[in-house]
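This report concerns only the one structure given below.
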Amino acid sequence: MNQNQMERRFKEFLALFLVFLLLSGCKKEILPPEPEEIKEATDVNKFIYGGLSTYYLWQGEVPALYNPAYQNNNDSLNAFLNTYKDPEELFYDLLYKYGEVDKFSLIVDDSQEIDDWLAGISESVGMDFKLYYIRSGSNDLVGVIRYVQKDSPAEKAGLKRGDIFLQVDGQQLTSLNYQTLLFTHKTYTIGFASFNGTGFIPNGRSVGLTAVKLLENPIHMDTVFIAGGLKVGYLVYNAFSNSYDSLLNTNYDIALNDVFGRFKNEGIQKLILDLRYNMGGYISSVIYLASMIHSANNQLIFSKTKFNSLLTDYYYDQYGPNFFNDYFADVIADTEKTPATPINSLGLNEIYIIATSETASAPEMLINGLDPYISVKHVGSNTFGKNVGSFTVKDWIDNNGTVNPSHTWAMQPIVLKITNSQDFGEFTDGLVPDIPAQEYAVELLPFGDPAEDLLKACLDDINGSKSGQASAKKDLRSFKSSDDFSPVKDMMFVKKLPPVKKVY
């Protein structure tokens with residue numbers, strides 16, 4: 001190879017080398033991708049998760065509510081919560097066997113709804129009724145009024161217990177249209193009927209009704225009978241409500257205590273407590289009523305409360321073992337509008353309680369709580385069977401009750417289970433009557449009528465005679481009642497629990 005060839009080869013090699021250096025210098029370093037940023041979950045979703053993981057009775061049965069990854073890593077929890085766009089879907093997915101075990105927890109997007117429900121305030125015509133199938137193989141329904149609320153549009157229109165109706169706005173009620181006709185219109189006209197022994201015949205009577213905001217007084221009736229030579233008090237009590245009634249200028253706990261004051265002054269020797277349509281209310285009102293019936297000794301345990309294990313440990317550490325006991329009361333506690341009021345206690349050792357399948361939660365707590373202390377004669381049928389209670393959970397941002405202003409959601413989850421002083425609380429199949437009896441749809445007599453089926457069964461026992469219901473008559477097949485459309489039916493509430501640090 002001559003000199004010229006060698007120089008040419010060297011120049012070619014040098015050019016290739018420079019190109020290689022240039023290309024090497026332009027090559028970018030390959031880096032791992034940036035981790036995707038996990039967005040903060042919404043306040044509503046965090047509220048739902050935090051509330052249930054702290055208060056929910058079955059918290060330990062729902063893996064997502066005690067997942068260590070969510071407890072120790074906000075990103076993991078946020079990633080989970082962000083999979084839910086609908087807060088209701090998140091809430092119901094976090095419940096334990098919803099519809100099977102937990103049939104009662106609920107959530108709303110406007111906390112005022114729960115506040116009104118628990119206060120007994122609703123937009124209503126004031127007519128409590130039950131719907132029945134007219135005949136087998138047909139969707140046609142008949143409605144029977146069970147009672148009307150005091151000072152309601154229904155009472156002002158002259159409606160009464162036992163009235164029968166077939167039509168609403170000229171249409172025959174059926175299982176397909178009853179919701180539209182009775183629960184979506186504020187104003188409607190009811191067409192009444194008579195029972196001729198075999199069927200229902202329109203009688204030409206109709207009444208127009210318009211729903212208004214109503215506060216229901218749960219003390220429907222109180223009176224005194226003479227039976228078996230004894231003075232017998234009779235009280236129809238439809239809810240364990242402690243609401244303040246501006247017309248009475250007091251709350252319903254004190255109004256109930258006034259009834260017992262009258263019973264005491266009358267010197268009654270027996271008491272018949274009619275809870276046939278009572279579907280729940282406040283635990284505090286249960287304890288007050290039990291004290292009015294039996295004892296104002298505030299050293300006697302009436303009931304015991306059980307929470308989830310996390311809440312139990314927290315309350316035990318903060319307040320000790322006595323925190324879980326509920327005692328008979330000697331005083332109705334004062335409120336912002338009412339003074340502390342001494343309990344009028346009858347000191348009874350026996351009571352007749354009328355209870356049916358529509359007697360649920362708080363009244364069942366009353367029966368079960370009194371049972372270790374006095375003879376409770378349960379007249380009627382098996383009760384509903386609910387031994388758990390709820391609590392309104394809002395998105396509190398401090399221990400002073402300040403609520404997060406960014407949303408209005410609130411929930412009413414099951415948070416506790418109630419037993420009596422002997423630790424019995426397993427009655428999910430209902431409490432069994434001592435004296436079986438029932439009322440019949442087309443034979444409803446006024447409350448207080450001694451011939452009314454359930455009251456008569458009580459009076460017959462007091463008189464020492466056998467009730468005339470040995471051979472039960474055939475009743476209409478029931479469909480729904482107006483109570484079925486109350487969001488808080490069958491509920492038992494605790495008004496408040498001590499502040500709790502959030503568990504997660």
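Just so you know, all these numbers are worked out from the coordinates, no wet-lab data involved. Just so it is clear, the structure is predicted and the values come from calculations on it, not from any experiment. Every residue, glycine among them, receives a Cβ derived from its backbone with ideal geometry; neighbour counts consider all protein chains shown.
Data overview
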item: Modelled FRET efficiency - R0 30 Å, residue 334 with residue 402, Cβ distances, 0.05 increments; result: 0.80
item: Alpha-carbon centroid distance for the pair segment 434-450 / segment 74-112, whole angstrom; result: 42
item: Convex hull per residue volume in Å³, alpha carbons only, for segment 220-259; result: 72
item: Mean Cβ count within 10 Å, highest first, over the residues of peptides 181-190, 249-258; result: 249-258, 181-190
item: Antiparallel %, DSSP beta bridges [both residues in segment 356-504], to 5; result: 65
item: Antiparallel content of DSSP bridges confined to segment 223-321, in %, to 5; result: 55
item: Part-to-part distance (alpha-carbon centres) for segment 318-332 and segment 175-228, which is given in Å; result: 42
item: Helix axis angle, 453-463 relative to the chain longest principal axis, alpha carbon, degrees; result: 50
item: Cα gyration tensor, segment 43-103 - rounded (a/c under 1.5), prolate or oblate; result: oblate
item: Theoretical FRET efficiency, 1/(1+(r/R0)^6), r = Cβ-Cβ of residue 176 and residue 121, R0 35 Å, to 0.05; result: 0.70
item: 26 Å Cα-Cα threshold exceeded, pairs from 386/474; 186/480; 97/130; 386/473; 377/495; result: 386/474; 97/130; 386/473; 377/495
item: Label-point gap, in nm, between residue 139 and residue 417 - each point 7 angstrom along Cα→Cβ; result: 4.2
item: Correct option for Cα extents along the principal axes in Å [calculated from the coordinates] among (1) 69, 67, 40; (2) 70, 54, 41; (3) 144, 59, 43; result: (3)
item: Potential extension, residue 297-residue 198 segment - 0.36 nm per residue separation minus Cα distance; result: 30.2 nm
item: Separation between Cα centres of segment 247-274 and segment 337-373, rounded to whole Å; result: 12
item: Angle in degrees between helix 3-26 and the longest Cα principal axis of the chain, rounded to the nearest 10; result: 20
item: Furthest towards positive pole of dipole, 432, 450, 405, structure part segment 388-468, Cβ charges; result: 405
item: Equivalent ellipsoid semi-axes - Cα gyration tensor, segment 72-126, angstrom; result: 30, 15, 9
item: Among beta bridges that DSSP assigns inside the chain, antiparallel share in %, nearest 5; result: 75
item: Over the chain: helical MRE at 222 nm, DSSP H runs n ≥ 4 each giving -39500 (n - 2.57), nearest 500; result: -8000 deg cm²/dmol
item: Spin-label model distance (nm) - residue 156 vs residue 71, 7 Å beyond Cα toward Cβ; result: 5.8
item: Folded to 0 to 90 degrees: helix 283-293 orientation relative to the chain principal axis, Cα; result: 20
item: Cut-off 17 Å (backbone N to label point 7 Å along Cα→Cβ of residue 495), residues of segment 287-326; result: 287-292, 326
item: Compactness relative to 2.2 N^0.38 Å, alpha carbon Rg of segment 87-211; result: 1.29
